[in-house]
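Undergrad: Mind looking over this structure? Questions follow.
The values are calculated or read from the model by the stated rules, or taken from the named source; none is laboratory data. Bear in mind the structure is a predicted one, so any value in this text is a computation, not a measurement. Please note: Cβ atoms are built from the backbone with ideal geometry, for glycine as well, and neighbour counts cover all protein chains shown. With ligands, DNA and RNA removed, areas are computed over all heavy atoms of the protein, side chains included. Shrake-Rupley method; radii C 1.70, N 1.55, O 1.52, S 1.80 Å.
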Amino acid sequence: MNSYEHTMITRQDLSETQAKELLSKYEALIKTNSGEIIKIEEWGLRNFARNIKNNKKGFYVHIKFEGSGNAIGELEKLGNIDEFLIRFLTIRVKKHDLETNYFEKKEY
């Protein structure tokens, strides 16, 4: 099994229940294609540098998982037709970095 990271940007106007349903849909898709989810990070609502599909902000979700090529094909197929997603990216990594959280809020 290979290690992958999948980052999704959803529309900012999703309700909390819609966001949870969307995340559970992608979790189920990974699991049904013999994948194993390692970690899910919700990076929160972030501003874009420029408008993307008439959106100024988006909610970022990052999933670290192990799986096969079938899971990647299904993720990309669903991502292309999902109306709630603005953008998505799936990359293959050598090893998951589970300790570093790049988007945690820092107190000064």
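Undergrad: Sequence gap at least 6, Cα distance under 8 Å: using those rules, report the relative contact order of the chain to the nearest whole percent.
TA: Numbers: 164 pairs, mean separation 46.9, N = 108.
Answer for the chain is 43 percent.
Undergrad: A follow-up question, please. Taking only the C-alpha atoms, wrap a convex hull around the chain and report its volume per residue in Å³ as a whole number.
TA: Dividing the Cα hull volume of the chain by its residues yields 116 Å³.
Undergrad: How do 70-81, 87-98 rank on mean C-beta neighbours within 10 Å, highest first?
TA: Highest to lowest by the protection proxy: 70-81, 87-98.
Undergrad: Another one. Carbon-plus-sulfur fraction of the accessible area of the chain, 1.4 Å probe, in percent?
TA: 47
Undergrad: Which value, in Å², gives the accessible area per residue of the chain when a 1.4 Å probe is used on the protein heavy atoms?
TA: Here the per-residue accessible area is 69 Å².
Undergrad: While we're here: Would you list, by chain and number, the aspartates and glutamates whose Cα falls below 17 Å from the Cα of residue 39, excluding same-chain residues fewer than 8 positions away?
TA: Reachable aspartates and glutamates: 5, 27, 66, 97, 99, 104.
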